[in-house]
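What follows draws every value from the coordinates through simple rules; no lab data is involved. In this text, all values refer to a predicted model and were calculated from it rather than measured experimentally. Here the Cβ is made from the backbone with ideal geometry for all residues, glycine too, and neighbour counts use every protein chain on show.
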Amino acid sequence: MNLFHSLADFNVPTNNLANFLNSGSVDLNGSLLPSNLLTSNILGRINGGNPSSIFGMIQTNGSGGFPNANLFLMNPNGFLFEPNCHHQRRRDGCLHQRGLPPIFGAGWLIVLVTTFLINHFDLFGLQQVWLYLQRRPYTPLGFVMPGPYRYVRHPLHLGWLFAFWSIPSMTVAHLLFAVATTSYIVYPDRDTVGGT
């Protein structure tokens, strides 16, 4: 069974708790539902036009709550998270606190390491400028496939995808940026893949 919420605004101030309780729910006709419903998913839609500020704790498994329900909150205007926020469900914490920063950091580390594997200074034009200033000719690099390039077509792009999609605070603007750059990576220019 799924439980749906439609809210104008949803904010959790610092040191406060939003506890989803398994009692007092009503059906579409306004009739009171029994307590302790077997609920798999709680879906919350926030449609008031403002971002949701989550600075406290969101809980689904507290006393009188839903011991095994998944919580999905959707706000087209985004969420603002404070570093001490919590989502208490079984043994999980805030995904952006525990799961996303390591992936985000790993993405940027992959980007940095792979640029050095294929000559960071040549890739960004620094070597060309340095040689020009020294009045020495530039010799183009040969094609090489070091390290992860043997396993992934372009690990630099893979690192960017990790970094763009696992940012701890996804805003509408960043989502648009992530979609645009992902579409460019997945569907490259014909010139970049040898087309005419």
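Structure values in brief
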quantity: Segments 172-179, 134-141 sorted - mean Cβ within 10 Å per residue, highest first; calculated: 172-179, 134-141
quantity: Computed FRET value (nearest 0.05) for Trp108 with Thr14, which takes r as the C-beta separation and R₀ as 25 Å; calculated: 0.25
quantity: Segment Tyr187-Asn50, length gained on full extension (0.36 nm per residue, minus Cα span); calculated: 46.0 nm
quantity: Cut-off 12 Å between beta-carbons: net charge of the residues surrounding Val144, Lys and Arg +1, Asp and Glu -1; calculated: 0
